[in-house]
1. Inside segment 146-171, can you point out the residues that are touching a strand residue (DSSP E or B) at 6+ places or on another chain (Cβ under 8 Å) and either among the acidic types (Asp, Glu) or touching a residue at least 24 places away in the same chain (Cβ under 8 Å) (or both)?
2. If a residue has to be outside any helix (DSSP H, G or I) and of a type in the set (A, V, I, L, M) to count, how many in segment 205-241 make the cut?
3. Identify, from the list Ala52, Ala14, the residue that is loosely packed, with under 14 Cβ neighbours inside 10 Å and either closer than 15 Å to Pro95 by Cα or modelled with pLDDT of 95 or more (or both).
4. Would you mind finding the one in Ala135, Ala144, Ala121 that is at pLDDT 95 or above and part of a helix (DSSP H, G or I)?
5. Cβ-Cβ below 7 Å, separation at least six or inter-chain, first residue in segment 27-45 and at pLDDT 95 or above and open to solvent by less than 30 Å² (accessible area, probe 1.4 Å), second assigned to a strand (DSSP E or B) and among the charged types (D, E, K, R): which pairs?
6. Out of the residues in segment 55-65 that are more than 17 Å from the chain's Cα centre (by Cα) and in contact (Cβ under 8 Å) with a residue 40 or more places away in the chain, state the one that is farthest from Pro245 (Cα to Cα).
7. Looking for something β-branched (Val, Ile, Thr), closer than 26 Å to Arg180 by Cα and in contact with a Pro (Cβ under 7 Å, 6 or more places away or on another chain) - is there at least one such residue anywhere in segment 82-101?
8. Look through Leu98, Leu174 and report the one residue that is open to solvent by 10 Å² or more (accessible area, probe 1.4 Å), in contact (Cβ under 8 Å) with a residue 40 or more places away in the chain and in a loop (DSSP other than H, G, I, E, B).
Amino acid sequence: MSEQPADPGLRPPADDAEVHRLLTEGVIDVEGRMVDASNVTLVGAIRTDTLAAECVYKPVAGERPLWDFPDGTLAGREISAYLVSEATGWHVVPPTVLREGPFGPGMVQLWMDGDPDVDLAAFVRRDDPALRRMAIFDAVVNNADRKGGHIIPMPDGHVYGVDHGICFSVDPKLRTLLWRWAGEPLPAEALAVLERLADDLRDGLGEQLHEHLTRTEVRCTQRRVTDLLRSGRHPEPSGEWPALPWPPF
């Protein structure tokens with residue numbers, strides 16, 4: 001997770017409940033901007049009276065208009081990706097909330113310090129179970145931008161994915177570096193997760209997603225899960241959309 005807070009009176013969150021409280025109630029102190037990001041992406045400290053960590057804050061006001069996604073919806077898509085990630089139990093997306101910040105409403109996400117010793121260019125080509133789960137997750141949310149730089153291997157072996165603002169399109173837009181398993185049968189564990197996810201999308205998860213996505217976008221997400229279960233295989237590039245992101249990192 002984040003580095004140890006500089007203030008000795010504060011500590012990092014110890015569990016999911018404290019993470020949620022910190023992200024929803026904490027004061028955000030913006031310390032810088034990621035200048036290579038397409039949309040305004042700010043980094044800084046977030047703190048309560050007892051907790052502190054680093055975070056990423058993407059204000060809706062800083063979203064760049066896109067021709068194929070409605071204006072002002074990218075933060076909601078980031079939250080939706082987190083909700084789906086949690087429903088799978090794979091925890092692909094770091095803890096993420098939608099809240100007011102210094103520059104208006106936006107996405108706030110816990111900063112993750114990846115393992116600096118990992119060669120990312122080599123890592124993304126591995127037959128790694130965590131990457132395979134991420135590939136399936138991306139197929140569910142229709143991720144249009146899975147670059148290598150959006151993959152964060154952690155020192156404990158967990159792998160996070162970030163930057164999910166252009167997901168959940170109603171059109172096929174899967175664009176990713178993770179095609180290693182294209183056309184291969186889905187693992188039994190993944191099929192069981194997708195079965196549960198299909199049920200969740202028809203119930204509480206679907207209602208949660210309706211707060212951030214259109215009903216058509218939610219129905220298309222349900223259909224993608226159904227299609228994965230019907231085929232039992234990883235999707236393959238369709239030819240209708242560039243298969244690889246550019247730049248790849």
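The values are calculated or read from the model by the stated rules, or taken from the named source; none is laboratory data. Since this is a predicted model, take the numbers as computed values, not measurements. Glycine also receives a Cβ, built like all others from the backbone with ideal geometry; neighbour counts cover every protein chain displayed. Accessible surface is based on the protein model in full, side chains and every heavy atom, while ligands, DNA and RNA are left aside. Shrake-Rupley method; radii C 1.70, N 1.55, O 1.52, S 1.80 Å.
1. Listed by number, the residues that qualify are Arg146, Ile151, Ile152, Pro153, Met154, Val159, Tyr160, Gly161, Val162, Gly165.
2. 1
3. Among Ala52, Ala14, only Ala14 is loosely packed, with under 14 Cβ neighbours inside 10 Å and either closer than 15 Å to Pro95 by Cα or modelled with pLDDT of 95 or more (or both).
4. Ala135
5. Within 7 Å, the pairs are Thr41/Arg33; Thr41/Lys58; Leu42/Arg33; Gly44/Asp29; Gly44/Glu31; Ala45/Asp29; Ala45/Glu31; Ala45/Glu54.
6. So, considering only residues that are more than 17 Å from the chain's Cα centre (by Cα) and in contact (Cβ under 8 Å) with a residue 40 or more places away in the chain, the one farthest from Pro245 (Cα to Cα) is Ala61.
7. No, segment 82-101 has no match at all.
8. Leu174
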